[in-house]
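All remarks here apply to the structure that follows.
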Amino acid sequence: MSVLKSRPVLRWVVPAVAAVAVIGGGAAVGTFAAEAEPSLPPRTAAQLLVDLQTAQLDGLSGTVVQRADLGLPPIAGLLGGTNDLTALVTGTHTLRVWHSGPDKQRIALLDTLGEKNVIRNGRDLWVWDSRRNEASHRSLGAGSGERGAHEGAAPEVPLTPREAADKALAAVDPTTAVSVGRAATVAGRDAYELVLEPRDKTSLVHQLRIAIDAREHVPLRFEVFATGSDQPAFEVAFTQVDFRRPDADQFSFNPPPGVRVREESAERPAGPARKPAADAQPRVRTVGTGWTTVIEARTGEALPTGAAAGATGGAKDPAGGAIAGALGSLPAVSGDWGSGRLLTGKLFSVLLTDDGRVLAGAVTPERLYEVARG
């Protein structure tokens with residue numbers, strides 16, 4: 001049995017970290033090569049927001065580079081799986097993307113040993129792994145809409161500047177100051193820069209910067225800066241982009257000879273939700289608002305770390321022992337709130353308590369201790 005199934009707490013440790021890490025990383029990474037600042041007609045922040053909301057994207061293809069360093073190799077590895085693009089939360093990655101309306105998308109994650117393609121064509125969703133020489137197919141249910149090619153096949157990590165910008169803009173509220181930055185050139189195209197900055201200076205996030213194509217009004221680059229750093233901790237940007245509609249054959253997938261094809265069950269029509277098992281969902285609450293919000297999940301299960309954890313993993317479940325070792329290597333912390341393990345980065349803090357709670361936020365550890373104290 002997978003350790004993530006046998007220990008529900010671990011299924012929530014990893015998503016809690018990943019959710020915070022979507023907009024940040026554990027260490028600064030190099031920026032994309034800078035180009036001369038173009039001369040553009042002035043536009044206000046309000047006008048740029050309208051541009052983003054009203055942009056009509058008929059077609060697009062291009063190359064995207066994503067860079068992140070979360071400082072979490074043991075934790076990120078817990079998310080493994082043949083249908084997950086989970087490696088995207090660390091390191092540098094190159095993707096090819098194609099978009100032709102709400103029901104035709106394709107994403108190809110490239111690496112030195114092969115590539116992984118996720119292709120949506122109408123209701124058909126294909127996942128092809130060239131390295132494993134296998135593919136899977138399933139039919140999407142009605143109403144899948146704009147959820148994209150990687151629906152159901154990847155974690156909530158932004159794969160393109162537009163996805164990252166959508167996540168950031170959805171969170172804009174009175175706690176956010178919005179302004180216009182410097183003009184830029186991204187992928188050979190002139191772009192305005194929209195800057196989102198937390199008003200609450202206790203947030204570990206300093207700024208989000210979105211470079212917006214001056215003509216097409218589509219995000220070309222997305223960057224996150226941590227407080228005290230002039231280098232982005234997370235960035236995703238086009239290095240090449242074409243706004244013409246891709247050819248239809250880009251979204252047609254014919255399994256190459258010898259490829260193992262797995263046919264998955266079609267999605268069933270939405271119906272009454274089943275009541276989850278008692279240990280399937282922890283009790284989750286949010287404390288605070290805006291950029292300093294803390295998420296607390298009460299799993300009701302102590303963390304499997306130390307010698308006791310090794311005994312429960314061991315030869316029967318080597319993965320369990322490895323996970324326990326990774327969690328056990330985190331710094332031990334304690335206070336009037338209790339005791340546990342602490343995971344920190346430039347943009348996030350995660351507290352894993354010994355009594356089975358996970359607290360995470362783009363805040364200092366002291367803020368997590370305050371929430372844990374109750």
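The values are calculated or read from the model by the stated rules, or taken from the named source; none is laboratory data. Predicted model, so just to flag it, every value in this text is computed and none were measured. FYI the Cβ positions are ideal-geometry reconstructions off the backbone, even for glycines, and counts take in every protein chain you see. Note: accessible area is taken over every heavy atom of the protein model, side chains too, but ligands, DNA and RNA are not part of it. Shrake-Rupley method; radii C 1.70, N 1.55, O 1.52, S 1.80 Å.
To keep it simple, each residue is scored yes or no on (1) among the aromatic types (Phe, Trp, Tyr); (2) modelled with pLDDT under 60; (3) open to solvent by 20 Å² or more (accessible area, probe 1.4 Å).
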{"residue": "ALA309", "(1), (2), (3)": "no, yes, no"}
{"residue": "ASP317", "(1), (2), (3)": "no, yes, yes"}
{"residue": "LEU327", "(1), (2), (3)": "no, no, no"}
{"residue": "ARG373", "(1), (2), (3)": "no, no, yes"}
- Query: Regarding PHE234, is this residue modelled with pLDDT under 90 and not polar (S, T, N, Q)?
  - Reply: yes
- Item | Matching residues, region 219-246, being of a type outside the set (Gly, Ala, Ser) and in contact with a Pro (Cβ under 8 Å, 6 or more places away or on another chain) | PRO219, LEU220, ARG221, PHE222, GLU223, VAL224, PHE225, VAL236, PHE238
- Within region 212-224, residues more than 9 Å from ALA237 (Cα to Cα) and outside any loop (DSSP other than H, G, I, E, B) come out as ILE212, ASP213, VAL224
- Message: If ALA76 satisfies all but one of (1) modelled with pLDDT under 90; (2) more than 30 Å from VAL358 (Cα to Cα), what's the number of the condition it fails?
- Response: (2)
- Pick out the one residue from ASP166, ASP173 that is at pLDDT below 85 and loosely packed, with under 14 Cβ neighbours inside 10 Å. ASP173
- Query: So which of ALA297, ALA211, ALA248 ends up being of a type in the set (Gly, Ala, Ser), at pLDDT 85 or above and under 28 Å from GLU37 (Cα atoms)?
  - Reply: ALA211
- Query: If you scan region 173-223, which residues turn out to be within 18 Å of the chain's Cα centre (by Cα), within 21 Å of GLN53 (Cα to Cα) and β-branched (Val, Ile, Thr)?
  - Reply: ILE210
- For the subset of region 350-371 comprising residues that are within 15 Å of THR293 (Cβ to Cβ) and surrounded by fewer than 24 Cβ atoms within 10 Å (Cβ to Cβ), which member is farthest from the chain's Cα centre (by Cα)? GLU370
- Message: So in region 338-349, with the set limited to residues that are in contact with a Leu (Cβ under 7 Å, 6 or more places away or on another chain) and at pLDDT 90 or above, which one is surrounded by the fewest Cβ atoms within 10 Å (Cβ to Cβ)?
- Response: LEU342
- Inside region 165-190, can you point out the residues that are over 13 Å from ALA211 (Cα atoms), in a loop (DSSP other than H, G, I, E, B) and in contact with a strand residue (DSSP E or B) (Cβ under 9 Å, 6 or more places away or on another chain)? ALA171, VAL172, THR175
- Task: Among the residues of region 200-211, count how many are part of a loop (DSSP other than H, G, I, E, B) and in contact (Cβ under 8 Å) with a residue 40 or more places away in the chain.
- Result: 4
